[in-house]
Amino acid sequence: MSHLSQNRPQYKTRTLDEFDELLLQIMDDVIRASLGDRSARMIYAHLKRMLGSRTKIPSNLDAFSLELRKILSDTGPRFSLSKGISAWGTAALIERTIAKWVCKKLGIPFTAVGPIDFSSFMKDLKDLYKEKLPESDSLPKKEVSV
């Protein structure tokens, strides 16, 4: 992965399936590339307070979306956003970029036009990912540092 992955926050070890691990890696890369390491650390600190462990993000994507919008809004912690782009728009761009990267990693064309419902889109991608596995296999479990 990129140099961005080297600066990932370290959390307790927890078992994640392969798709969730991939999603967390891509989310981290996109957030760091879009907002920088310092902002990413602030976002993860806030999400940890709101959701608990970082490993809970894949199962709470609606809450992730809401908290990301709160963080980037005028009422949340201050971030330097480009003039003319609202916090809602910035969060939507981050989510869309995450979705594009996940699609690319899975070899699935990204054909969405307009805004996406991030949580539903990721659930659909995870379902497609599961369908690619042989019927006798479940999603592999991996020990990851999260």
Single unsatisfied condition, residue 115 versus (1) assigned to a helix (DSSP H, G or I); (2) over 18 Å from residue 44 (Cα atoms); (3) at pLDDT below 90 = (1)
inquiry  = Against the conditions (1) part of a loop (DSSP other than H, G, I, E, B); (2) acidic (Asp, Glu); (3) at pLDDT 95 or above, where does residue 137 fall short? Just the number, please.
reply    = (3)
ask   = How about the range 25-47: which of its residues are farther than 19 Å from residue 92 by Cβ and either of a type in the set (Phe, Trp, Tyr) or touching a residue at least 24 places away in the same chain (Cβ under 8 Å) (or both)?
value = 25, 37, 41, 42, 44
ask   = Which of the residues belonging to the range 93-105 are in contact (Cβ under 8 Å) with a residue 40 or more places away in the chain and surrounded by 14 or more Cβ atoms within 10 Å (Cβ to Cβ)?
value = 94, 97, 98, 101, 102, 105
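The values are calculated or read from the model by the stated rules, or taken from the named source; none is laboratory data. Being a predicted model, the structure only gives us computed values, none of them experimental. Ideal geometry is used to build each Cβ from the backbone, glycine not excepted, and the neighbour counts take in all protein chains shown.
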